[in-house]
Amino acid sequence: MSVYKRPSASTYSYDFRLGGRRFSGDTGKTREREARQEEDRIRREQKARLDQLNGNFGADITVGAAFTRYMLEVGQYHAQASTTLSNLEWLQLHLGKDRSLLSVGENEVSFLVARRRQDVRRVGKLENRGKTVSNATVNRSCTELLRKVMLRAALKWGVNVQKIDWADHMLPEPKERVREAKPDEEAAIMDELARGYDVAVEFAVLTGCRRMEIVGLTWQRVDFFNRQFTVIGKFDKERSIPMSNAVFELLWAEKNHDPVHVFTYEARRTDKRKGIHRGVRYPMTDAGLRTAMRRAVSNAGVENFRFHDTRHTAATRILRNSNLRVVQNLLGHSDPSTTAKYAHAVAEDIRAAMEATTPTRLPTDEVEYRLNTLKKKKKSG
């Protein structure tokens, strides 16, 4: 690469040859390092154009075309398809719809990560002033998503992309905590939940199912005869879970509310615009369950508790009466290390067992020995 300043110029110019052609112009940068990065970007874009002119149309596509194709082939089938679409729109906004995908490199990824970290955290449609998005959100919505698009472009579409050290752009995340609901906290939250939502949350605590697995459960996948039900988990993986007596009774009580969906809610008020009437049951939605849980936790005065913590609660309680392998199968973890975070429950059981082996009183001969020693000391005194 060669960048230089023309006489009396404040910005650097570039001049290079590619494919037998000469490219030159102004980088618009006043610092040499930034000018070199700009020249590198221009070189990549020009190479992509030359590839297309030479008939290699699959060598490169625009960012907008790549994101659209990814959404059609993959994103629309995600459990949170709307979230995937929103994240792709954010990436497109900051990269540019017409930018060459081949021009996206280390510099562009670094910029996107830095920009995403500045975004304000949102709760529903409201902004949480003063709080930016977490590192985990940046990783999932920005770095990981862009990596998946570019990887698919390279492996499935035959598109040229730059080699990027993705691990270097991943932000550190705190180790996932395991938050178990205390009995009084669980009762307080249940008291604040509206009819229908209380059943869904109770089901979550009993089974450890994810929120989307719950709202997506249909009667077609409930087998009362064999006492088991099947949920669709992450990556569309099916998982069959046996019913305990409590789960059987809970599901049996819901069977007449809707012919298709297992979990429904009872409308509190009429909304003619949405076609909702007070007192009527409607299929539960992910957004509705999430909102109901958030409000119930707040009204109950319970701190630091999210819907996903019902999954932690179920896993921890079940582990106390089984083993990690059972919990792994219940939660649908493909990697045993993911389940290992619940090992604290085993540690607590070991501690309790050790406490139980500690004698509550001294052996008889030890007591007699100490009494005799005390009597001798008194006589000598």
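The values are calculated or read from the model by the stated rules, or taken from the named source; none is laboratory data. Since we're looking at a predicted model, the values are computed, not measured. Glycine also receives a Cβ, built like all others from the backbone with ideal geometry; neighbour counts cover every protein chain displayed.
Against the condition closer than 24 Å to A188 by Cα and in a loop (DSSP other than H, G, I, E, B), how does R269 come out, does it pass? Taking the combined requirement at face value, the residue satisfies it. Against the test of being more than 17 Å from A200 (Cα to Cα), part of a loop (DSSP other than H, G, I, E, B) and assigned by TED's automatic domain parsing to the domain that holds G216, the options R325, R278, R317, R306 yield a single qualifying residue, R278. Touching a strand residue (DSSP E or B) at 6+ places or on another chain (Cβ under 9 Å) and either of a type in the set (D, E) or surrounded by fewer than 17 Cβ atoms within 10 Å (Cβ to Cβ) (or both) - does that describe any residue in segment 186-194? Looking through segment 186-194, at least one residue is touching a strand residue (DSSP E or B) at 6+ places or on another chain (Cβ under 9 Å) and either of a type in the set (D, E) or surrounded by fewer than 17 Cβ atoms within 10 Å (Cβ to Cβ) (or both). Of everything listed in (1) of a type in the set (V, I, T); (2) surrounded by fewer than 21 Cβ atoms within 10 Å (Cβ to Cβ); (3) over 21 Å from A343 (Cα atoms), the single unmet condition for V297 is (2).
When G208, G279, G196 are checked against the criterion of being in contact (Cβ under 8 Å) with a residue 12 or more places away in the chain, touching a Ser or Thr at 6+ places or on another chain (Cβ under 7 Å) and on the phi > 0 side of the Ramachandran plot, G196 stands alone in meeting it. May I ask you to verify whether R239 is at pLDDT below 95 and touching a Ser or Thr at 6+ places or on another chain (Cβ under 9 Å)? Taking the combined requirement at face value, the residue satisfies it. Look through segment 14-29, keep the residues that are in contact with a Lys or Arg (Cβ under 9 Å, 6 or more places away or on another chain) and not in a strand (DSSP E or B), and return whichever of them is modelled with the lowest pLDDT. Only one residue tops the list, namely G19. Scanning segment 275-286 for residues that are hydrophobic (A, V, I, L, M, F, W, C), surrounded by fewer than 16 Cβ atoms within 10 Å (Cβ to Cβ) and modelled with pLDDT of 90 or more yields a single hit, V280. Out of the residues in segment 155-185 meeting the condition of being β-branched (V, I, T) and over 17 Å from H312 (Cβ atoms), tell me which one is surrounded by the fewest Cβ atoms within 10 Å (Cβ to Cβ). It comes out as I164. Of all the criteria given as (1) under 30 Å from L250 (Cβ atoms); (2) modelled with pLDDT of 95 or more, the one not satisfied by A181 is (2). Sort out which residues of segment 225-243 are in a loop (DSSP other than H, G, I, E, B), out of contact with any helix residue (DSSP H, G or I) (no Cβ under 8 Å at 6 or more places or on another chain) and in contact (Cβ under 8 Å) with a residue 40 or more places away in the chain, and write them in order of number. Hit for segment 225-243 is K237, nothing else.
W166 - would you say it is within 14 Å of L101 (Cα to Cα) and out of contact with any strand residue (DSSP E or B) (no Cβ under 8 Å at 6 or more places or on another chain)? Criteria not met by W166.
Considering only segment 184-224, state which residues are out of contact with any helix residue (DSSP H, G or I) (no Cβ under 8 Å at 6 or more places or on another chain), over 24 Å from V327 (Cβ atoms) and outside any helix (DSSP H, G or I). R195, G196, T218 - these are the residues of segment 184-224 that are out of contact with any helix residue (DSSP H, G or I) (no Cβ under 8 Å at 6 or more places or on another chain), over 24 Å from V327 (Cβ atoms) and outside any helix (DSSP H, G or I).
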